[in-house]
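Working notes, structure below.
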Amino acid sequence: LAQSLLALFASSLAISLVFAIIPLCHNVVVLAVVMAVAGLAMGCIDTISNMQLVKIYQKDSAIFLQALHFFVGFGALLSPLIADPFLSDTNCILANGTANASSNLPHIRKSLLPHHPGNLSHYDLPMKGMVVTRVSYAFWIMALINLPVPIAVFFLLYKERMVPCFNGSSHPLLSADELALETRPGDKDELSTTAQRPHTAAAGHEDLFSCCQSKNFRGVSFTYFAVHITGALVLFMTDGIVGEYSGFVYSYAVEEPLAVVHKVAGYLPSLFWGFITLGRLISIPVSYRMKPATMVFINVVGVLITFLLLLIFSSSVVFLFVGTASLGLFLSSTFPSMLAYTEDILQYKGCATTVLVTGAGIGEMVLQLLVGSIIHDRGSYSFLVCGMIFGCLAFTFYALLVFFHRMYPKPCPELDEASPEKAAVPEDTGQYQR
């Protein structure tokens, strides 16, 4: 826990610093290095937050994972709204002595269209002159908005007595065992010894790198690795669909046969992310009643049906908007539900979470590159064909995951009851079951 909180503190603080530095970068190499640091920090936050929620809440983690990813979608929806008022309506750089010439230059968002890369030679975009953009303010506002996050993480470190200089008078947060006792006040006296050792329960988790130790792989069956691989492949496909659809639905809409006007087509990515956010909000209470495996099944089948209907009604602008909303709704809870399902199979050790997060990130990167090159060579219709293929592969990998789940050896109840941690906790701990 100490390593995780320290990594979260360093990563969240690095993001605020990076966003403050980005407007000051006047060299593309420096900007690339700064953005790489931001990506590294965001990857650490993504992996650690998911892993720790699984370890802390275990069978109840599905609800908290849905809440976590709701805020991921909410941030993706909110950040463009913060940046939009600071984007210039003219060219960002005015050539020397030609301040009035900017009115004749189309805005960069309208002129640099991805589907007309060869028609830009007649645009004279000046590279030197007076800078008129105010986009720097957007980065600085985001840096300030993010600043309470490292402050909150530092407060957790303080409450857990993990800050060397301030560990005298603070009281640690409730351990998992104490949290369970809060729902059963009558049993507090029975487990008074557990309350006096708040960090002992975490010893079984070892450290952040315990999943990589070879001793943990001795004697495990092939289904252990198969569950990790198939779960990561499902997220490779579904998160890849999220990335490629949000990235290329605009380009698909403005091309023939739809030929949607640019301003209307610009609403499609916002609609997609809006319904992802809405779906994650709905999934918080739904995950309390429905098993993660069932939710993943509904998601992948819904994605398949939506892409099939988009292919059938490919000439309908109205159905493109309906299908975009439907796709966002079905993809919304796939990631947290898959994490909860896979960790449920593997007894909540947190190791699968790191594999699944990595698989999802690779899919989001690779499939965007793949679809972009295919659209360039084969035309806009291949955008939906690729989505349909990725949806079929996601369903296939999910079916394999269910198959390996049935083959995976179940934990021995006698060993669980004999373990010292289980002996200290009553069988029925209410809602906070370990």
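Assorted remarks:
- Residues in the range 359-371 that are farther than 13 Å from Ala232 by Cβ and buried (at least 16 other Cβ atoms within 10 Å of the Cβ): Leu367, Gln368, Val371.
- Residue ID - least open to solvent (accessible area, probe 1.4 Å), chosen from residues in the range 30-53 that are touching a residue at least 40 places away in the same chain (Cβ under 8 Å) and of a type in the set (Val, Ile, Thr): Ile48
- Residues being among the hydrophobic types (A, V, I, L, M, F, W, C) and within 18 Å of the chain's Cα centre (by Cα) - total across the range 3-23: 3
- The lone exception for Ala259 - which of (1) touching a residue at least 40 places away in the same chain (Cβ under 8 Å); (2) outside any helix (DSSP H, G or I) it fails: (1)
- The single residue among Phe297, Phe313 that is open to solvent by 70 Å² or more (accessible area, probe 1.4 Å) and touching a residue at least 60 places away in the same chain (Cβ under 8 Å) turns out to be Phe297.
Here's the yes/no breakdown for (1) in contact with a strand residue (DSSP E or B) (Cβ under 9 Å, 6 or more places away or on another chain); (2) polar (S, T, N, Q); (3) exposed (fewer than 15 other Cβ atoms within 10 Å of the Cβ):
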{"position": "Leu329", "(1), (2), (3)": "no, no, no"}
{"position": "Glu343", "(1), (2), (3)": "no, no, no"}
{"position": "Tyr348", "(1), (2), (3)": "no, no, no"}
{"position": "Thr354", "(1), (2), (3)": "no, yes, no"}
{"position": "Val357", "(1), (2), (3)": "no, no, no"}
{"position": "Arg378", "(1), (2), (3)": "no, no, yes"}
{"position": "Ile389", "(1), (2), (3)": "no, no, yes"}
{"position": "Phe397", "(1), (2), (3)": "no, no, no"}
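- Entry remark, the range 262-281: residues being within 27 Å of Ala67 (Cβ to Cβ), touching a residue at least 60 places away in the same chain (Cβ under 8 Å) and open to solvent by 30 Å² or more (accessible area, probe 1.4 Å) number 3 in total.
Each row is one residue, and each column tells you yes or no for (1) open to solvent by 30 Å² or more (accessible area, probe 1.4 Å); (2) at pLDDT 80 or above; (3) closer than 30 Å to Lys263 by Cβ; (4) part of a helix (DSSP H, G or I).
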site	(1), (2), (3), (4)
Lys55	no, yes, no, yes
Ser61	no, yes, no, yes
Leu68	yes, yes, no, yes
Phe71	yes, yes, yes, yes
Pro106	yes, no, yes, no
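- Listed by first and then second residue, the pairs linking a residue in the range 17-29 that is free of Cβ contacts under 8 Å to residues at least 12 places away in the same chain to a residue that is open to solvent by 40 Å² or more (accessible area, probe 1.4 Å) and part of a helix (DSSP H, G or I), with Cβ atoms under 8 Å apart and 6 or more places separating them unless they lie on different chains, are Cys25/Leu31.
- Candidates are the residues of the range 285-294 that are open to solvent by 40 Å² or more (accessible area, probe 1.4 Å) and hydrophobic (A, V, I, L, M, F, W, C); the one that is nearest to Thr324 (Cα to Cα) is Val286.
- Among (1) part of a helix (DSSP H, G or I); (2) closer than 21 Å to Met290 by Cβ - the single one Ala360 does not satisfy: (2)
- Of all residues in the range 139-161, those that are in a helix (DSSP H, G or I) and either more than 16 Å from Leu78 (Cα to Cα) or of a type outside the set (A, V, I, L, M) (or both) total 15.
- Residue match in the range 403-415 (condition: of a type in the set (A, V, I, L, M), at pLDDT below 80 and open to solvent by 50 Å² or more (accessible area, probe 1.4 Å)): yes
- The lone criterion from (1) under 19 Å from Ala352 (Cβ atoms); (2) open to solvent by 40 Å² or more (accessible area, probe 1.4 Å); (3) not polar (S, T, N, Q) left unmet by Met237 is number (2).
The values are calculated or read from the model by the stated rules, or taken from the named source; none is laboratory data. For clarity, every value in this text was computed on a predicted model and none was experimentally measured. Note that we place each Cβ from the backbone using ideal geometry, even for glycine, and neighbour counts take in every protein chain shown. SASA here: full protein model, heavy atoms, side chains in, ligands and nucleic acids out. Shrake-Rupley method; radii C 1.70, N 1.55, O 1.52, S 1.80 Å.
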